[in-house]
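The values are calculated or read from the model by the stated rules, or taken from the named source; none is laboratory data. Bear in mind the structure is a predicted one, so any value in this text is a computation, not a measurement. Every residue, glycine as well, gets a Cβ built from its backbone with ideal geometry; the counts of neighbours run over all protein chains shown. Please note that ligands, DNA and RNA were not included when accessible areas were found on the heavy atoms of the full protein model with its side chains. Shrake-Rupley method; radii C 1.70, N 1.55, O 1.52, S 1.80 Å.
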Amino acid sequence: MKRIALCVLIACSGKPATTTPQPTGTNLDTEGMDRSVTPGEDFFAYANGGWLKTHEIPPDRASDGTGAKVFEETERRTAELIKTADSAPAGSEARKIGDFYASYMDEAGIEAKGITPLEPELKAIAAVTDERSLARALGATLRNDVDVLNNTKIATENLLGLWIAQDLDDPTQYVPFLLQGGLGMGARDYYVDDSPRMAEIRDKYKAHIATMLKLANIADPDDKAARIVELEKLIAQTHASALETQDVHKANNHWPRAEFAKRAPGLDWDAYFDAAGLAKQQMFVAWHPDAITKIAALVHSQPVATWRDYLTFHAIAKMAGALPKAFADENFAFRGTVLAGVEKQRDRWKRGVDVTSANLAEPVGKLYVARYFPPSEKARAEEMVKNELAAFAKRIDNLTWMTPATKQKAKAKLAALKVGVGYPDHWRDYSGLEIGRGDLYGNLKRASMFEYHYDLAKLGKPVDRSEWVMSPQTVDAVNLPAMIALNFPAAILQPPFFDPTRPVAMDYGSTGAVIGHEISHTFDDTGAEFDAAGKLANWWTPEDFKHFKASGELLAAQYDAYKPFPDLAVNGHQTLSENIADTAGLTVAYDAYRMSLGGADAPTVQGMTGDQQFFVSFAQTWRAKAREQVVRRQVLTDGHSPAQYRAATVRNVDAWYPAFHVEPGQALYLPADQRAHIW
Ligand SMILES: [Zn+2]
């Protein structure tokens, strides 16, 4: 973590320096700013231009910036905890962590085993000869590995993805959602886009598949690779777009088990669900009904032999990290270099820390918070949350366009929010997960099944609103609309995002904006469709909803106009939920920051007024540089806008204008009626 020496208080614009004790801690990075840029022309460059001009993305990263710095510091801390766990008593939970990491670092053992660990799985796939055994083999790959934290719910590499969560119609019940999947390159655009850039990536994918098959001694690798790519192209053509995927109304399709054969003929669903451990489940929700129907038809129409090759490749690819170096290197050459533009693979110990931390998420998290998240920091963050909830309630009261009836319902929803700070109230029990010191392949398989069965076991049980979906060592935060809950992991609550010893304006501009962002998701275009119980239900008067939608359209048009590349624009609707959360979150964080001062002026620090510190801190939170491949993928598939446009939402907040003397004619200037004042 780059700690910046405390600058002396400087009296700015003639105001006397305050006599308040000098704050200590992580200040803003003034050297990384570019004061030659006019804030109203390009605020991101004003706050970050010095850094942007000189900083190079390290060769082993796809992007770099403030978030990446915090991630690295968390990784360093986690690495220390994981390595120390090696000497924990045998049989303890901490020892599982040490043993898992040791199995990852046992490179000699992994090389010696070669592809032996993979053989039973390849043998089982080779035994697929008819549609029934094919359905069983496909069902055996079903996992709860959908990226549900992204609005666009990035598809799983397995043919379908499973997500067990509250029923949108009845949030007291868990239901299994089935999602489209089956693409080795993740997103449909890589398959259906005819541009030369994408055609070239497809050719490289085909070569990558052939190399992986060859490494595993599979016959006819080139022909098989060609057929696998063709099959994935057919699967991609069934997929809903990223934008359609976000529409919860299109997703809310209850399919009774008995109707699958009729609604999606072609796949032997009895065999599929039986192999997936879901034989007894009577109700499902088809998130992508059209894709599921068409994918089932492909299972019947495409040759069993092609499916067998497809399953073989994916069985190898998914476990590449647990196989000899040649597999991991080839996997990186395609996924790291071709898809993400990363030149150098990360050091093995770093990958080991990440994999251990992901597979033993809560045991590692327990050690993390005991060491790095003292009760005083939890209390400070909880106080910020409390202030922002109060500020949000006040904003609802003051909305001129909203009727009292809708206001009352909005406030009831705000009051129902369950906000988790740092770590969950209860820790999960990992005693059922067996970890072997010299068995990385087995450890990964068992950990994946452990997670899958943990989720399956929820079906039929009461919903637990205190459950977390993020580990405490995750540098991120999340809003769960059906759960009416927020998670703020301990790892995002650290410098330069959060530092209780520095001026409050900086913390509110950074962590405060993140807290505001997550609270605001409760009232973004999707969140606003869930009521105070987490049910998908309309609680708005028609006029209020119309006004709310119109404000959203203003923001969507703003983002449609942003072009990271001449041939590619941000999709204002695909990113609307996140942009609403950013805009409303920044507004509410600003209010909470002013409230926390109790009417006093914030001290001038580093030559900046309190308001200037607040907004610069916000823009520095979004400081980032990413490789072109990554930005393009994000624009195509992600619900979040690239960082510089997230920072640009300052133009929707009235207080930003006087703070930086922003005037008509400047690029970011918006007349008052064009600013998206959503909440
Ligand atoms: Zn968000």
Original post:
Given a 1.4 Å probe and every protein chain left where it sits, what share in percent of the accessible area of the stretch 364-511 is carbon and sulfur?
Top reply: 55
Original post:
Taking the highest mean first, how do the peptides 427-439, 101-113, 617-629 order by number of other beta carbon atoms within 10 angstrom per residue?
Top reply: 617-629, 101-113, 427-439
Original post:
For the stretch 457-503 and the stretch 186-205, what is the separation of their C-alpha centers, rounded to whole Å?
Top reply: 35
Original post:
With charges set only on the Cβ (+1 for Lys and Arg, -1 for Asp and Glu), what does the dipole of the stretch 222-269 come to about its Cα centre, in debye to the nearest 20?
Top reply: 220
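In cubic angstrom, how much convex hull volume per residue do the alpha carbon atoms of the stretch 126-321 span?
Numbers: hull volume 23.5 nm³, N = 196.
So the per-residue Cα hull volume is 120 Å³.
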Original post:
Over what distance in Å are the Cα centres of the stretch 52-130 and the stretch 514-571 separated?
Top reply: 37
Subject >> Of LYS378/LYS461; LYS69/LYS563; LYS69/LYS204, those spanning more than 28 Å from alpha-carbon to alpha-carbon >> reply: LYS378/LYS461; LYS69/LYS204
**OP:** Express the relative contact order of the stretch 126-321 as a whole percentage, based on alpha carbon pairs under 8 Å and six or more residues apart in sequence.
**Re:** 28
Original post:
How many Å³ per residue does the convex hull of the Cα positions in the stretch 562-679 occupy?
Top reply: 124
**OP:** Just the ratio, please: alpha-carbon radius of gyration of the chain over 2.2 N^0.38 Å, N its number of residues.
**Re:** 0.98
**OP:** For the stretch 126-321, with all protein chains present and a 1.4 Å probe, just round the carbon and sulfur fraction of the accessible area to a whole percent.
**Re:** 50
Original post:
Label-point separation (nm) for LEU597 and ASP223, each offset 7 Å from Cα along Cα-to-Cβ?
Top reply: 7.5
**OP:** Starting from the Cα of ASP194, step 7 Å toward the Cβ, then list every residue of the stretch 212-235 with an amide N under 17 Å from that point.
**Re:** 233-234
Original post:
Which residue, chosen from THR293, VAL588, ALA676, occupies the Cα position most advanced towards the positive end of the dipole of the chain, where the dipole is computed from +1 (Lys, Arg) and -1 (Asp, Glu) charges on Cβ about the Cα centre?
Top reply: VAL588
**OP:** Whole number in Å², please: accessible area per residue of the chain, 1.4 Å probe, ligands, DNA and RNA not counted.
**Re:** 39
**OP:** Calculate, in nm to one decimal, what ASP567 and GLN173 gain on full extension: separation in residues at 0.36 nm each, minus their alpha carbon distance.
**Re:** 137.3 nm
Original post:
Based solely on its DSSP helices, what 222 nm [θ] is calculated for the chain when runs of n ≥ 4 H residues each add -39,500 (n - 2.57) and the sum is averaged over all residues, nearest 500 deg cm²/dmol?
Top reply: -14500 deg cm²/dmol
Original post:
What full-extension length gain, to one decimal in nm, is calculated for ALA90 and ASP34 as 0.36 nm per residue of separation minus the Cα-Cα distance?
Top reply: 14.7 nm
Original post:
How large is the convex hull of the Cα atoms of the stretch 307-461 per residue, expressed in Å³ as a whole number?
Top reply: 258
**OP:** Calculate the radius of gyration of the Cα atoms of the stretch 193-303 to one decimal place, then report Dmax, the largest Cα-Cα distance, as a whole number, both in Å.
**Re:** 17.2, 47
Subject >> Size of charge dipole - the stretch 257-347 - debye, nearest 20, with Cβ of Lys, Arg +1 and Asp, Glu -1, no other charges >> reply: 140
Subject >> Probe 1.4 Å, all protein chains present, accessible-area order of VAL369, VAL475, largest first >> reply: VAL475, VAL369
Subject >> D_trans [Stokes-Einstein, Kirkwood Rh over alpha-carbon pairs] for the stretch 435-479, 20 °C, 1.002 mPa s, µm² s⁻¹ >> reply: 164
**OP:** Starting from the Cα of GLN281, step 7 Å toward the Cβ, then list every residue of the stretch 456-495 with an amide N under 11 Å from that point.
**Re:** 456-460
Original post:
Label-point separation (nm) for LYS411 and LYS344, each offset 7 Å from Cα along Cα-to-Cβ?
Top reply: 5.8
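For a Förster distance of 41 Å, can you work out the FRET efficiency between the beta-carbons of LEU670 and GLU119, rounded to the nearest 0.05?
With a Förster radius of 41 Å, E is 0.10.
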Original post:
Size of the dipole of the stretch 126-321 about the Cα centre, Lys and Arg at +1 and Asp and Glu at -1 on the beta carbon, nothing else charged, in debye to 20?
Top reply: 300
Original post:
Which of the aspartates and glutamates could be linked to LYS233 by a straight reach, that is with a Cα gap under 14 Å, when you skip same-chain ones fewer than 8 residues away?
Top reply: GLU157, ASP189, ASP193, ASP194, ASP203
Subject >> Signed unit charges on C-beta, dipole axis of the chain, positive-most listed residue PHE614, MET402, ILE97 >> reply: ILE97
**OP:** Sticking with the crude label model, points 7 Å out along Cα→Cβ, report the distance from ASN398 to ARG428 in nm, one decimal please.
**Re:** 4.2
Subject >> Where Rh is the Kirkwood radius over Cα pairs, Rg/Rh for the stretch 71-182 >> reply: 1.09
Subject >> Contour excess over end-to-end distance, with Cα ends at ALA379 and LYS53 and 0.36 nm allotted per residue >> reply: 113.5 nm
